[in-house]
Structures are given as structure tokens and as C-alpha cells.
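Only the coordinates and a few stated rules stand behind these numbers; no lab work does. Note that the structure is a prediction, hence the values are computed from the model and not measured. Because the Cβ atoms are built from the backbone with ideal geometry, glycine has one as well, and the counts that use them run over all protein chains shown.
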Amino acid sequence: MYNEKPEVGTIGWTDLTVSNAEKIRDFYSKVTGWRPMPISMGQYDDYVMNTPETQTSVAGICHARGENENLPAQWLVYITVENINESVKKCKSLGGKIITEPKNYGDVGLFCVIEDPAGAVCALFEAK
């Protein structure tokens with residue numbers, strides 16, 4: 001997902017969480033030319049979508065299962081923050097909600113999903 005530490009304040013990744021990732025994976029493959037690469041989630045695969053020419057990873061298409069179970073079907077952007085715990089505190093104090101508490105994302109960092117006061121959902125990401 002990340003080859004180098006992203007700059008704070010940037011959108012570093014985008015995932016789409018849906019009930020049928022295979023069907024939507026195939027849709028975007030045909031519409032955009034993206035090439036899927038399966039990523040094992042244990043009992044099922046999610047997909048990293050790569051560009052057709054350079055195989056650059058540009059997005060993820062995920063099943064609405066496990067940690068993604070409560071997410072609406074939408075493109076979810078991951079915004080890089082300096083300190084995820086401080087950002088969570090600020091989110092709550094400013095009227096936002098925490099959909100998914102901060103969790104480890106392998107060796108690359110921490111993430112959580114928030115909802116802003118208008119109801120829009122995004123993820124916050126703190127790179128290691």
C-alpha cells in the first residue's frame with residue numbers, strides 16, 4: 001500500500017467497501033482497466049487494484065466483512081495524520097463520531113474510520 005511515509009494531510013489511499021467485491025472488482029477492471037491483485041483476509045480475498053501498464057497500486061476493493069462490516073458502500077479515503085489518537089480526540093470534541101477505533105494496519109501504521117458532523121465518512125491513517 002505505502003512505499004514511503006506519506007505526507008501529513010495527504011490522501012494516501014482509497015478503498016471501496018461493498019457487499020460483493022468480486023462483482024465490483026470486475027466492473028472497475030472493465031471500466032478503468034485496473035488489474036486486481038487478491039489480498040487474503042483469511043476466509044476471503046479483498047483486492048488491490050493496479051494500473052494496467054505499470055502495475056502501480058491505486059485503490060482497494062474490499063468486502064463489507066470483518067472490520068469493514070459497518071461501513072457504507074462508498075469510496076473511503078485515508079487521510080494521513082501526525083498522531084491518530086490526537087486526531088480521534090479532536091474529532092470527538094468537534095462533533096464527529098468514531099466508526100472504527102484505531103487499529104494496527106500491519107507494519108505500515110494505524111488507521112481508524114470517522115464520521116464528520118455532516119455525516120461524511122473517511123479514514124485517518126498514521127504512518128509508522
- line: Log entry: pair-distance distribution for region 20-63, C-alpha pairs binned every 5 Å from zero, whole % per bin is 6, 27, 34, 22, 9, 3, 0
- request: Whole Å is fine, so just give me how far the alpha carbon centre of region 102-128 lies from that of region 1-47.
  value: 16
- line: Options (i) 14.8, 45; (ii) 14.3, 42; (iii) 15.7, 50 are given for Rg and Dmax of the Cα atoms in Å, and the computed one is (i)
message: Give the residue list of chymotrypsin sites (Phe, Trp or Tyr not before Pro) in region 1-107 that are DSSP loop and have at most 14 other beta-carbon atoms within 10 angstrom.
response: 44
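Taking the Cα centre as origin and putting +1 on Lys and Arg beta-carbons and -1 on Asp and Glu beta-carbons, what dipole magnitude results for region 1-123, to the nearest 20 debye?
Working: 11 positive and 16 negative charges, 44 e Å.
Dipole about the Cα centre, nearest 20: 220 debye.
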field: Length released on extending from residue 31 to residue 93, taking residue separation times 0.36 nm less the Cα-Cα span
entry: 18.2 nm
- request: Any chance you could give the angle, 0 to 90 degrees and rounded to 10, that helix 84-93 forms with the longest Cα principal axis of the chain?
  value: 60
Additional length obtainable on full extension of the chain from residue 85 to residue 51, 0.36 nm per residue less Cα span: 8.9 nm
statement: Phi angles of region 114-128, converted by Karplus (6.51 cos²θ - 1.76 cosθ + 1.60, θ = phi - 60°) into ³J(HN,Hα) in whole Hz with x for Gly and Pro, give 10, 10, 7, x, 8, x, 6, 10, 8, 10, 9, 9, 10, 6, 7
- request: Could you work out how far helix 21-32 tilts from the main Cα principal axis of the chain, as a 0 to 90 degree angle to the nearest 10?
  value: 70
- prompt: Reachable lysines from residue 5, Cα under 24 Å, same-chain residues fewer than 8 places away excluded?
  reply: 89, 90, 103, 128
